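K.L.:
Before I ask anything, let me first share the structure, which is written out below as structure tokens.
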Amino acid sequence: MQFVRGAYASKGGKSFICMSSTYERAGVRKSRVVLSLTPGNIATAPRSDMMYVVTEFGKINLKGKSILERATAMISLAHPDFRDDLEREARENGLIPITFA
């Protein structure tokens, strides 16, 4: 967290979280982009310090974005096989309005 916060707060600095969009466990591929953490896991960097997130599908700058903008941006970084389910979950949980195109 100190590296993320330091990069974000320094003059001209940028913080980056770089990750693959998926991982495989026991032969099953899963998305690293998820709606929420599993119980017991913790976020080590608060959203107020997050700037760039990068996967093999692109990069986004979360700085100053609303919850809706963050949700849609993060979904755009997910593997295409998981995007529809992520969008459905986000709508069901009120992160993306039902009427949002």
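K.L.:
Can you tell me which residues in the range 1-51 are in a strand (DSSP E or B) and either under 18 Å from GLU69 (Cα atoms) or without any contact (Cβ under 8 Å) to a residue 60 or more places away in the chain (or both)? Before the answer, list the steps.
P.N.:
Going residue by residue through the range 1-51, those that are in a strand (DSSP E or B) are 16-18, 22-25, 28-31.
Matches in the range 1-51: PHE16, ILE17, CYS18, TYR23, GLU24, ARG25, VAL28, ARG29, LYS30, SER31.
K.L.:
Within the range 52-73, can you find the residues that are closer than 17 Å to LEU95 by Cβ and either assigned to a helix (DSSP H, G or I) or in contact with a helix residue (DSSP H, G or I) (Cβ under 8 Å, 6 or more places away or on another chain) (or both)?
P.N.:
Hits for the range 52-73 are VAL53, ILE60, LEU62, LYS65, ILE67, LEU68, GLU69, ARG70, ALA71, THR72, ALA73.
K.L.:
Here is a follow-up. Read through the list (1) surrounded by 15 or more Cβ atoms within 10 Å (Cβ to Cβ); (2) touching a Leu at 6+ places or on another chain (Cβ under 9 Å); (3) of a type in the set (S, T, N, Q), then give the number of the only condition that THR22 fails.
P.N.:
Unmet for THR22, out of (1) surrounded by 15 or more Cβ atoms within 10 Å (Cβ to Cβ); (2) touching a Leu at 6+ places or on another chain (Cβ under 9 Å); (3) of a type in the set (S, T, N, Q): (2).
K.L.:
What are the pairs with Cβ atoms under 6 angstrom where one residue, in the range 52-75, is of a type in the set (Gly, Ala, Ser) and the other, located anywhere, is crowded, with 16+ Cβ neighbours inside 10 Å and assigned to a loop (DSSP other than H, G, I, E, B)? Sequence gap at least six, or different chains.
P.N.:
Listed by first residue and then by second, the contacts come to ALA71/LEU95; ALA71/ILE96.
K.L.:
Could you identify the single residue in SER15, SER48 that is among the hydroxyl-bearing types (Ser, Thr, Tyr) and out of contact with any helix residue (DSSP H, G or I) (no Cβ under 6 Å at 6 or more places or on another chain)? Before the answer, list the steps.
P.N.:
On the way: SER15 fails: out of contact with any helix residue (DSSP H, G or I) (no Cβ under 6 Å at 6 or more places or on another chain).
Step by step, each of SER15, SER48 is checked, and only SER48 is among the hydroxyl-bearing types (Ser, Thr, Tyr) and out of contact with any helix residue (DSSP H, G or I) (no Cβ under 6 Å at 6 or more places or on another chain).
K.L.:
Ok, one more. Within the bounds of the range 53-76, is there any residue that is charged (D, E, K, R), over 27 Å from ALA9 (Cα atoms) and either loosely packed, with under 14 Cβ neighbours inside 10 Å or over 13 Å from the mean Cα position of the chain (by Cα) (or both)?
P.N.:
Start the filter on the range 53-76 by keeping residues that are charged (D, E, K, R), which leaves 56, 59, 63, 65, 69-70.
From what is left, the residues that are over 27 Å from ALA9 (Cα atoms) are none.
Scanning the range 53-76, I find no residue that is charged (D, E, K, R), over 27 Å from ALA9 (Cα atoms) and either loosely packed, with under 14 Cβ neighbours inside 10 Å or over 13 Å from the mean Cα position of the chain (by Cα) (or both), so the answer is no.
K.L.:
Residue check: is ASP49 of a type in the set (Asp, Glu) and modelled with pLDDT of 90 or more? Show your work before the answer.
P.N.:
On the way: of a type in the set (Asp, Glu): yes; modelled with pLDDT of 90 or more: no.
No, not satisfied.
The values are calculated or read from the model by the stated rules, or taken from the named source; none is laboratory data. Computed from a prediction, not measured in an experiment: that's the story for all the values here. Neighbour counts run over all protein chains shown; Cβ positions are idealised from the backbone, glycine included.
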